[in-house]
């Protein structure tokens, strides 16, 4: 099986979010894909099977479960296809658990077209605030829990109690899947970090495409802008361009190849 590791949402190695990308010639079982993802031990591994010209089935697996949507592994998949297999394609279509996803390219930038997940304001969450060690300006929820803080420096200084967040997640006290913390940016429109309490070991994600399905409509409304530049302030860091398109969002980023090889089954 052809295998790649791609650093997504970055233009230099050892930054952005690494994803595995696997191509197979015929359908394989979910248990095999899950075992491969566990063996790869990356946050996400994408599995692709060609269906038609410029069209592929796509699914994503973490080391422990199948995911229903993953931005950085989709970007990584499109990068390999545009770079190796579909050099003349203007766009790619992916058949996924979240419906048809389309990726287009503009030079080195690859644009994901994803469903929007705008957040709604919700009551204060004192237990989560305590675990994050922050007093938020406001809190919201969508697919993920969204915490707005005052400024970028506050966001950078965050040192969450991951053990406490994990316990809150296990007790059902955290709405949604993960926690997005966001603030206005100093050299971009907005910045964010993403924590995933349901996974005791993942803790903080490097760059999270899905989170920007919520961040894009949120900041578009707040700033009165449709097109925005964003950064995710994880240790590895990531750069994104975001566009609010109503019930869809466009999330763009660059990618670089770290590895190309073969998995022997």
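No value in this document is a laboratory result; all are computed from the given coordinates. In this text, all values refer to a predicted model and were calculated from it rather than measured experimentally. Here Cβ is always computed from backbone atoms with ideal geometry, including for glycine, and neighbour counts include all displayed protein chains.
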* To do: For each of 72, 4, count neighbouring Cβ atoms within 10 Å of the residue's Cβ, then give the residues from fewest to most.
  => 4, 72
* Structure fact -> One checks the Cα atoms of the chain and finds Rg and Dmax, in Å, of 17.9, 52
* Structure fact -> Once both label points are put 7 Å beyond Cα along the C-beta direction, the residue 264-residue 170 separation in nm becomes 4.1
* Hey, fewest Cβ within 10 Å first, where do 163, 43, 98 land in order? -> 163, 98, 43
* Asked: Say R0 is 30 Å: what FRET efficiency, to the nearest 0.05, do residue 27 and residue 247 get from their beta-carbon distance?
  -> 0.45
* **Relative packing of 27-36, 76-85, 101-110, which averages over residues the other C-beta atoms within 10 Å, highest first** => 76-85, 101-110, 27-36
* How far is the Cα center of the range 139-213 from the Cα center of the range 28-57, in Å? -> 27
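Give the average over all directions of the projected area of the C-alpha convex hull of the range 120-244, one decimal, in nm².
6.7
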* What's the extension gain from residue 159 to residue 65 if we count 0.36 nm per residue and subtract their Cα-Cα distance? -> 31.2 nm
* To do: Among 188, 70, rank each residue by its count of other Cβ atoms within 10 Å, from fewest to most, as a rough exposure measure.
  => 188, 70
* Structure fact -> So, relative contact order of the chain in percent, Cα under 8 Å, 6 or more apart, is 23
* Asked: Looking at the square roots a ≥ b ≥ c of the eigenvalues of the Cα gyration tensor of the range 33-96, which shape do they give, rounded for a/c under 1.5, prolate if a/b is larger than b/c, or oblate?
  -> prolate
* How would you classify the range 1-54 from its alpha-carbon gyration tensor, with a ≥ b ≥ c the square roots of the eigenvalues: rounded for a/c under 1.5, else prolate if a/b is greater than b/c, otherwise oblate? -> oblate
